[in-house]
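A.B. asks: Structure in structure tokens, see below.
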Amino acid sequence: MILAVPFGHGTGWKKLSELIEFFVLMGCVLNELPGHLEGPDGAHPIRYLYSPETDDFISLLNYENNDFIPPSEIENWERRLGFNLPRP
């Protein structure tokens, strides 16, 4: 039997605001570029998380704080930023 999991609410999905809090507590820097992107619905700031540990960053441009991030993207961020989320 296959159980359907609603898109965006399955096991391992995390809210962006919680991920930002974790990575900042671990030493990453949440920042914005000085410019912004213009879209049909107005100007959008270009936010990113930077890790001094790995000298790498991830763009948060396409995400809002209440968005849920899939496990595959979280694993990518863990590799790039150098910190692993605690697993239950």
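One line per residue, one yes/no per condition, for (1) farther than 16 Å from Glu32 by Cβ; (2) of a type in the set (Asp, Glu); (3) free of Cβ contacts under 8 Å to residues at least 24 places away in the same chain:
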{"site": "Ile58", "(1), (2), (3)": "no, no, yes"}
{"site": "Leu61", "(1), (2), (3)": "no, no, no"}
{"site": "Ser72", "(1), (2), (3)": "yes, no, yes"}
{"site": "Asn76", "(1), (2), (3)": "yes, no, yes"}
{"site": "Gly82", "(1), (2), (3)": "yes, no, no"}
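A.B. asks: Taking region 37-52 on its own, how many of its residues are farther than 27 Å from Phe22 by Cα and of a type in the set (D, E, K, R)?
C.D. replies: Summing the residues that are farther than 27 Å from Phe22 by Cα and of a type in the set (D, E, K, R) in region 37-52 gives 2.
A.B. asks: Here are some conditions: (1) in contact with a strand residue (DSSP E or B) (Cβ under 8 Å, 6 or more places away or on another chain); (2) surrounded by fewer than 12 Cβ atoms within 10 Å (Cβ to Cβ); (3) hydrophobic (A, V, I, L, M, F, W, C). Leu25 meets all but one. Which one does it not meet?
C.D. replies: If we test Leu25 against (1) in contact with a strand residue (DSSP E or B) (Cβ under 8 Å, 6 or more places away or on another chain); (2) surrounded by fewer than 12 Cβ atoms within 10 Å (Cβ to Cβ); (3) hydrophobic (A, V, I, L, M, F, W, C), just (1) comes out false.
Rule-based calculations on the coordinates, nothing more; no lab input. Since the structure is predicted, the reported quantities are computational estimates derived from the model, not experimental observations. Positions of Cβ are generated from backbone atoms using ideal geometry, with glycine treated the same way; all protein chains shown enter the neighbour counts.
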